[in-house]
């Protein structure tokens, strides 16, 4: 054993290196997928919502300042999506129902943003909105017509959209919460409806109590 | 010496942007072809180190265990969904992949493999069989998209790739258990 000490030492060194590699590589054993890492980083960074022009289902044009002084609860989708988006929007509508209506439009707005502006024109969005009981006012659906603005937003909020070649997109989904000053404050799991709703009610309640 | 040159040439070829982009465009090729080939380049490059510094290897890796642990650590690290995603999104991670797999996995594997003996070899193969079944199950059964850069269908393909490899390893283990290769040599 004594004769072998360099090898034993090398063994320990290698194990230490491995531990460090995994520790750094997964942010302290927190994030094993890039998606978790992305969400953690967004919550730390709190990026500002970039200046983009929306065109909503009623054909109105405005920027994010339309919602100044209110929280905005955001999802990204495209209406031709047959997999995750309907589920995402269905869950969003459940969150919408759970948040007391006294806050709606006054302290918070819901916003679904399409990243497929070519197909999702106002009339398509108008029809789509009906499936989820969105009223088009306190919960709006909008597209961003300028591709450069859309790309900037997706990049800022870490939304990765890959066209699959058959007219569909693969994309990561989440609930995004932007605060009164237009900064991203939280990214929530879209499958955990109750958790998201409770969080919203909590935040809005605190604001009202002040 | 020749082996080292071939290894370096292969590494250069794999690092050519069009070749790297092509291989990385398909998830299963990225993990089950590009990464093993990178390890293989290290395997070839190792020759020059063995010729130049035979004593260092004898001293620091006398029983082959440090080397094989290093190999396992690097390989397991690169089977994490996050590492693969980051290699595509960040230049520095991509460089780390091209350095770590040949240098920290390929070279130690070659030096350790002949040192760890039959029992050690079989243990490593059993370990990777279990790991590959686990990873296969993870990639096939995962309800979410693990890598942002790849579609779920590619993830499932990769999962079956892992399972298939694991089956091959099991066949090998059964074969070595019930036959005595030295009889046929």
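Can you confirm whether segment A:171-189 contains a residue that is modelled with pLDDT of 90 or more and exposed (fewer than 15 other Cβ atoms within 10 Å of the Cβ)?
Within segment A:171-189 (the criterion being modelled with pLDDT of 90 or more and exposed (fewer than 15 other Cβ atoms within 10 Å of the Cβ)), the answer is yes, since at least one residue qualifies.
Take the conditions surrounded by 17 or more Cβ atoms within 10 Å (Cβ to Cβ), closer than 18 Å to residue B:13 by Cα and at the interface with chain A (Cβ under 10 Å from one of its Cβ atoms) and apply them to residue B:100. Does it pass? Steps first, please.
On the way: surrounded by 17 or more Cβ atoms within 10 Å (Cβ to Cβ): yes; closer than 18 Å to residue B:13 by Cα: yes; at the interface with chain A (Cβ under 10 Å from one of its Cβ atoms): yes.
Judged against the criteria, residue B:100 is a match.
Just the residues that are assigned to a helix (DSSP H, G or I) and either in contact with a helix residue (DSSP H, G or I) (Cβ under 6 Å, 6 or more places away or on another chain) or within 28 Å of residue A:37 (Cβ to Cβ) (or both), please, taken from segment B:112-123.
Within segment B:112-123, B:112 is the sole residue that qualifies.
From B:109, B:138, grab the single residue that is without any contact (Cβ under 8 Å) to a residue 40 or more places away in the chain, within 14 Å of chain A (Cβ to nearest Cβ) and in a helix (DSSP H, G or I).
B:138
Among the residues that make up segment A:99-113, is at least one of them crowded, with 21+ Cβ neighbours inside 10 Å and over 18 Å from residue A:196 (Cα atoms)?
Among the residues of segment A:99-113, at least one is crowded, with 21+ Cβ neighbours inside 10 Å and over 18 Å from residue A:196 (Cα atoms), which makes the answer yes.
Only one residue in A:81, A:85 is assigned to a loop (DSSP other than H, G, I, E, B), within 14 Å of chain B (Cβ to nearest Cβ) and farther than 30 Å from residue B:100 by Cα, so which one is that? Lay out the reasoning, then the answer.
Numbers: A:85 fails: assigned to a loop (DSSP other than H, G, I, E, B).
Unique residue meeting the criteria: A:81.
In segment A:53-61, is there at least one residue being away from chain B (no Cβ under 14 Å), without any contact (Cβ under 8 Å) to a residue 60 or more places away in the chain and closer than 30 Å to residue A:103 by Cα?
yes
For segment A:140-173, name all the residues that are within 17 Å of the chain's Cα centre (by Cα) and at positive phi.
Of everything in segment A:140-173, just one residue is within 17 Å of the chain's Cα centre (by Cα) and at positive phi, namely A:158.
Name the residue that is surrounded by the most Cβ atoms within 10 Å (Cβ to Cβ), counting only residues in segment B:78-93 that are more than 8 Å from chain A (Cβ to nearest Cβ) and without any contact (Cβ under 8 Å) to a residue 60 or more places away in the chain.
My answer is B:78.
Just wondering, is there one or more residues in segment A:25-40 that are away from chain B (no Cβ under 14 Å) and either within 30 Å of residue B:111 (Cβ to Cβ) or in contact (Cβ under 8 Å) with a residue 40 or more places away in the chain (or both)?
Restricting attention to segment A:25-40, the residues satisfying the condition of being away from chain B (no Cβ under 14 Å) are none.
Looking for residues that are away from chain B (no Cβ under 14 Å) and either within 30 Å of residue B:111 (Cβ to Cβ) or in contact (Cβ under 8 Å) with a residue 40 or more places away in the chain (or both), one finds none in segment A:25-40, hence no.
The values are calculated or read from the model by the stated rules, or taken from the named source; none is laboratory data. What you are looking at is a predicted structure, and each value in this text was computed from that prediction instead of being measured. Cβ: placed from backbone, ideal geometry, glycine included. Neighbour counts: every protein chain shown.
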